[in-house]
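This report concerns only the one structure given below.
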Amino acid sequence: MRTLAPAILIALFSTLSVHTPGRASQPATQSDTALACAPLGSVYMRTTLYFGLNRPAGMVTEGQWKAFLRDEVTPRFPQGLTVWEANGQWQQSNGRISQERAKVLLLVHDDTPAVHTKLLAVVEAYKGSFQQESVLWESARVCAAF
């Protein structure tokens, strides 16, 4: 259950805006988000990575995924993570729609260059290990409490 804690406790402020009457909404600054998080939470980044399971040699197996998570992700993010299964689709360059099973990995972390480097290493390891062209990645500033 520890792995679910970051996902459960996140108060999503990824689209937080500052509104002043008579003025258009403006994107929130980090200090605006910190004020909105107080007193119960703190500002973190939430990164969600989408790992497709199709590969030229077949599918990434559950055993291969677990080994990847154990060997590549957990050493870089031992504080915790959440994983779930998903079904996705995208349009190929030839216009055809492809569908694929995927693993979705959610991490709540500090916003530092060192963490960014770790995220890139995870993406590159997956692409190299499983012959992937890409791994979808999204990040947003959030309020979280651990």
Problem set entry | Filter pass, residue 33 being in contact with a Lys or Arg (Cβ under 6 Å, 6 or more places away or on another chain) and modelled with pLDDT under 85 | yes
For this session: Can you give me the number of residues within the stretch 40-69 that are hydrophobic (A, V, I, L, M, F, W, C) and assigned to a helix (DSSP H, G or I)?
Result: 4
Exercise. If we keep just the residues of the stretch 116-146 that are among the hydroxyl-bearing types (Ser, Thr, Tyr) and not in a helix (DSSP H, G or I), which is surrounded by the fewest Cβ atoms within 10 Å (Cβ to Cβ)?
Worked result: 134
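So that you can scan it fast, the table gives a plain yes or no per residue for (1) among the basic types (Lys, Arg); (2) under 23 Å from residue 59 (Cα atoms); (3) in contact with a strand residue (DSSP E or B) (Cβ under 6 Å, 6 or more places away or on another chain):
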position: 102; (1), (2), (3): no, yes, yes
position: 105; (1), (2), (3): no, yes, yes
position: 114; (1), (2), (3): no, no, no
position: 127; (1), (2), (3): yes, yes, no
position: 134; (1), (2), (3): no, yes, no
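So that you can scan it fast, the table gives a plain yes or no per residue for (1) more than 30 Å from residue 39 (Cα to Cα); (2) polar (S, T, N, Q):
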residue	(1), (2)
66	yes, no
80	no, no
111	no, no
126	yes, no
129	yes, yes
137	no, no
For this session: Working only within the stretch 72-115, note down all residues that are surrounded by fewer than 16 Cβ atoms within 10 Å (Cβ to Cβ), touching a residue at least 24 places away in the same chain (Cβ under 8 Å), among the hydrophobic types (A, V, I, L, M, F, W, C) and over 22 Å from residue 143 (Cα atoms).
Result: 86
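The values are calculated or read from the model by the stated rules, or taken from the named source; none is laboratory data. This one's a predicted model, so the numbers in the text were calculated from it and none came from an experiment. Cβ sites come from the backbone with ideal geometry, for glycine too, and all protein chains shown count toward neighbours.
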